[in-house]
1. Which label belongs to the value computed from this structure, given these candidates for Cα extents along the principal axes in Å: [x] 46, 37, 35; [y] 56, 37, 36; [z] 51, 43, 35?
2. Considering only Gly14, Ala257, Ser237, whose Cα is most displaced toward the positive end of the charge dipole of the chain, charges sitting on Cβ of Lys, Arg (+1) and Asp, Glu (-1)?
3. What net charge do the residues around Arg68 carry, taking every other residue with its C-beta under 11 Å from that of Arg68, with Lys and Arg at +1 and Asp and Glu at -1?
4. For Val174 and Arg63, what is the calculated FRET efficiency with R₀ set at 25 Å and r taken between the beta-carbons, to the nearest 0.05?
5. Relative contact order for segment 55-200: what percent, with Cα pairs under 8 Å and sequence separation of 6 or more?
6. If you average the sequence gap of Cα pairs under 8 Å that are 6 or more apart and divide by the length of the chain, what percent do you get for the contact order?
7. If one computes the Cα centroid of segment 197-257 and of segment 54-98, what distance in Å separates the two points?
Amino acid sequence: MSLSNRHYLITGAGSGIGRAIACHLDAAGATISLFGRRQSALEETAKLLKGTPHIAPLDITDRESVRRAFDLAAKENGPVHGLIANAGVGGPNGPDDPEGDRFDELIDVNLRGTYHCVRAAERLLAGEEQGARHMVVISSILARIGVPGYSGYCASKTALLGLVRSLAVELAPVGIRVNAICPGWVDTDMAWDGLDGMAKAMDITRQEAHGIAMQDVPVGRMGDVAEIAKTVAFLLSPGGDCVVGAALDVNGGAYMA
């Protein structure tokens, strides 16, 4: 699939899933704009690309900063054809956390921050003559299931699915396709941080925690970031033009566990 002459904004592009998406779309010929919290991480992603991406450190909780950053990307890299809203934070929260309950932080970044991104991108997406335009929101399997101690993450990622459904209906008539992806355990630093927390709580090793976690995954393994990137590419392809308001479970069947 060729994505030449198409420009995509990717948030959370400095590592993990966001970096893999950037690499995959770049390999298909797309022009990429990279956004993330750390300039150095974005520069590392840029080194992996064949093209010359636009790079901008960004706090997605700042609505005006998001708008300005996306406007500048469009000015430098041309009309925007899609947004991959991947930026987010993970981890547990609760009232007994000695450093304070992180619930507000999780909602601010994962839900409000994503909302700022989709609204800023909506104004910029190229016209109908350029073909279908796309927004892909990276949610989580925790939008499907509950996990003790992860109320903020579960709530924020579940809320993203409601946001996607509403925007999908709102924007489909003007040619914008809005969908979500729900990854499960994916081999990223964030996932291993979660396993380390699980191991500490259960007083077991990291590998033992991994084995327990994989018992709830029918395919018996973690996902790979490339699998998420390929799903994004499908949604951006002509084959995804009639996929509207969907939440694709790319989690090895773990949502059924």
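Each value in this text was obtained by applying a stated rule to the coordinates, not by laboratory testing. In this text the structure is predicted, and so the values were computed from the model without any measurement. Methodologically, a virtual Cβ is constructed for each residue, glycine included, from the backbone with ideal geometry; neighbour enumeration extends over all protein chains shown.
1. [y]
2. Positive-most Cα among the choices belongs to Ser237.
3. Net charge in that neighbourhood comes out at 0.
4. 0.70
5. After rounding, I find 26 percent.
6. 18
7. Segment 197-257 and segment 54-98 have Cα centres spaced 23 Å from each other.
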